[in-house]
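Note sheet for the following structure.
The values are calculated or read from the model by the stated rules, or taken from the named source; none is laboratory data. Quick caveat: nothing in here was measured; it's all calculated off a predicted structure. Positions of Cβ are backbone-derived with ideal geometry, glycine not excepted, and every protein chain shown enters the neighbour counts. Protein only, heavy atoms only, side chains kept; ligands, DNA and RNA dropped before computing areas. Shrake-Rupley method; radii C 1.70, N 1.55, O 1.52, S 1.80 Å.
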Amino acid sequence: MLLTVLLFVVLVAGKGAFFRSENGHWVFGNDHWSVTQGPTHAKPLTYRGKELTGRGAGHYMGMNAKSTLKWTSAGIARKGTNFIDVKLTAAEGSLHWVIFDDLHGAYQYFVNGGLPALGEFRGLWRLDNRTFTHGATAGKEGALPRLPDYARAKKVQDETWEKADGSYITKYDWAGFLREQDVFGVYGEGVGSWFIHAGKDYFNGNHLKQELMIHRESNSGDTVQLNMIHGTHFQATTSDNFPKGKTWGPWLWYLNSGSRADATARAKKELASWPYTWHTDAAYQARGTVRGILTLSDGRPAAGAAVFLGDDRPKQTALGMGSNYYYTGYADATGAFEFKHVRVGTYGLQAWANGGKIGDVPGAIELDSVSVAAGKVTDLGSRVWKVRGKGTVFRVGEFDRKAVGFRYAGGPYQHGLSAKCPATLTWTAGTSKASDWCFAQAAPGSWKVVFEIGDRPANATGAAVLTVSLAGYSGSATTVLVNGKTVGGFSNKNLSSDPGTYRSATTAGEWHQMEYKLEAGALRRGQNVVEFKMTEATRWHGVMWDAVMLEWL
Ligand SMILES: *[C@@H]1O[C@H](CO)[C@@H](O)[C@H](O)[C@H]1NC(C)=O
Ligand SMILES: *[C@@H]1O[C@H](CO)[C@@H](O)[C@H](O)[C@H]1NC(C)=O
Ligand SMILES: *[C@@H]1O[C@H](CO)[C@@H](O)[C@H](O)[C@H]1NC(C)=O
């Protein structure tokens, strides 16, 4: 009788989180799951009695696609009342698995020790493709392509295959905007494996940072659940140095029965408890608030502006930054914004129009030396964002660094969509709509804006400025002409190319903005024409449009 009771207690209470060395490997987990960690890869992984890696490579961390971190030691770094913090040490830094007694999964974080300057740094699970047949991101859900389908298709560019019916298979169709992901992962047959990043301040880039999330590994057939904590798949040039101690995470690796709804509910809970109180690291806990109000110099509130807290006196674009910690948000209808839980430090603030009521405002406002102190509010007060305001002659689209509003823009990632846009197009101010302009120009040809000029405003000089804002640019050459005369152009010589346009993006790649000044006399009364003549563009390369505007000076 006593024995039965004891046995019952042991079974119900379980052993909780554990770590041990075994045959030159490290084994850790809790009553729900366990994994065997070797010098680089962790596998097998068992969850509720089922092995989940199969012929997949398991869990590992790697830099720049090829080099895998090698763990030289492992042990329990910290013990709480209901968790252990398992630390794996490599020359580049340490990966921690925080294992709570009753958690289905683990929190993970990485502390930089000596990472080289790099573009890509990620952890990943390569799982059993018989179990994990499906995937989900914030923007896409469904069956992953099957390896045998690749074999029957023709490779047409990096990780992209054309099927006999003319459609494409590519991992880039499974990309997403990183900061819009509540949860992403892979699932099937009664089990799901998910990543939930409640805090996102350790990612590189801004609101428009995109990354790969999940895919079928085209070499092996593994189901891949990526965790691109630093990446460049949709960016021009990003190689960052990291200060010692820079910490990515903690994020949650979450296991469940495969229910996305359950994973989403879990993500809500994580968000509500971020920053995590159990992660007692002093620098992680030291955070403050930044707030302020942005008003345009013409008196309008900077309604809905995208607001970004990044490097102070930046040397890189907002999307290109990646060494430190970054915060993204939006102003409300009155131009007011607030960032909570900002790590202590000195930041540079930037804001730019996100369409809507201020969709006619190009460029950005930048504020230097925004200091954040622990437990304090940094109130920037009311700041004026200077705009020109002499009057607009025409505008195609809204300034928001995105192609949204134009034909085919803003949908799920889809390879080859730019091929649907025409080589020649004429847009007429006053009658054409934004949707008559196409999201991408990706073939040699000419796109024209036709517009009428009547009396100019009394306060205007007669000179004008043509603002050309690109949501993305990949290797191509364009000449800009006004009434048949060249006023400028852009090509690889003066813009850095990003892969967005040819990697399935429908919204953005990397933003560029050019201004072409037109002297008085360049425009005439009556009909005028601005022309974008694409002289060179290889297949699927070109520009993704944000907005074009002609203003009086
Ligand atoms: C799973 O991987 C194996 C190789 O390990 C491969 O032969 C098979 O086609 C893959 N299955 C799918 C559905 O892609
Ligand atoms: C210039 O004149 C236009 C049209 O009369 C007016 O809307 C605008 O506010 C003026 N801008 C400035 C900067 O004075
Ligand atoms: C950029 O390159 C284009 C085409 O090569 C050229 O026409 C243009 O003048 C250049 N612009 C600048 C600002 O250098």
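Remarks
- Of the candidates 382, 418, 371, 323, the single residue that is more than 25 Å from residue 293 (Cα to Cα), modelled with pLDDT of 95 or more, outside any loop (DSSP other than H, G, I, E, B) and of a type in the set (Ser, Thr, Tyr) is 418.
- Residue 504 vs. criteria hydroxyl-bearing (Ser, Thr, Tyr), closer than 30 Å to residue 173 by Cβ, outside any strand (DSSP E or B) and out of contact with any Asp or Glu (no Cβ under 7 Å at 6 or more places or on another chain): no
- Taking the numbered list (1) open to solvent by 10 Å² or more (accessible area, probe 1.4 Å); (2) over 30 Å from residue 109 (Cβ atoms); (3) touching a residue at least 40 places away in the same chain (Cβ under 8 Å) in turn, residue 302 passes all entries but (1).
- Unique match (being among the hydrophobic types (A, V, I, L, M, F, W, C), within 16 Å of ligand 3 (Cβ to nearest atom) and open to solvent by less than 30 Å² (accessible area, probe 1.4 Å)) among 530, 487: 530
- Qualifying residue in the stretch 505-516 (condition: more than 20 Å from residue 442 (Cα to Cα) and open to solvent by 40 Å² or more (accessible area, probe 1.4 Å)): yes
- Counting the residues of the stretch 112-143 that are closer than 30 Å to residue 320 by Cα and either within 16 Å of ligand 3 (Cβ to nearest atom) or among the aliphatic types (A, V, I, L, M) (or both) gives 6.
- Residue in the stretch 511-522 that is within 9 Å of residue 473 (Cα to Cα) and touching a Ser or Thr at 6+ places or on another chain (Cβ under 8 Å) present: yes
- Among the residues of the stretch 255-274, the ones that are open to solvent by 20 Å² or more (accessible area, probe 1.4 Å) and outside any helix (DSSP H, G or I) come to 4 in all.
- Members of the stretch 144-173 that are of a type in the set (S, T, N, Q) and either within 16 Å of ligand 3 (Cβ to nearest atom) or under 24 Å from the mean Cα position of the chain (by Cα) (or both): 157, 160, 170
- Any hit, the stretch 140-161, residues being hydroxyl-bearing (Ser, Thr, Tyr), at pLDDT 95 or above and part of a loop (DSSP other than H, G, I, E, B): no
- Checking residue 284 against (1) open to solvent by 20 Å² or more (accessible area, probe 1.4 Å); (2) without any contact (Cβ under 8 Å) to a residue 60 or more places away in the chain; (3) under 24 Å from the mean Cα position of the chain (by Cα), the condition it does not meet: (1)
- The residues in the stretch 448-484 that are open to solvent by 40 Å² or more (accessible area, probe 1.4 Å) and not in a strand (DSSP E or B) can be counted, and the count is 8.
- Qualifying residue in the stretch 229-248 (condition: without any contact (Cβ under 8 Å) to a residue 24 or more places away in the chain and part of a loop (DSSP other than H, G, I, E, B)): no
- Some residue of the stretch 64-75 being assigned to a strand (DSSP E or B), within 16 Å of ligand 1 (Cβ to nearest atom) and assigned by the TED database to the domain that holds residue 204: no
- Taken as a whole, the condition of being in a strand (DSSP E or B), in contact (Cβ under 8 Å) with a residue 12 or more places away in the chain and surrounded by fewer than 19 Cβ atoms within 10 Å (Cβ to Cβ) does not apply to residue 435.
- Some residue of the stretch 191-201 being within 16 Å of ligand 3 (Cβ to nearest atom), surrounded by fewer than 22 Cβ atoms within 10 Å (Cβ to Cβ) and not acidic (Asp, Glu): no
- Residue in the stretch 37-60 that is open to solvent by 50 Å² or more (accessible area, probe 1.4 Å), in contact with a His (Cβ under 9 Å, 6 or more places away or on another chain) and hydroxyl-bearing (Ser, Thr, Tyr) present: no
- Search result, residues across the stretch 187-228 that are among the polar types (S, T, N, Q) and either assigned to a loop (DSSP other than H, G, I, E, B) or in contact with a helix residue (DSSP H, G or I) (Cβ under 9 Å, 6 or more places away or on another chain) (or both): 204, 206, 210, 218, 219, 220
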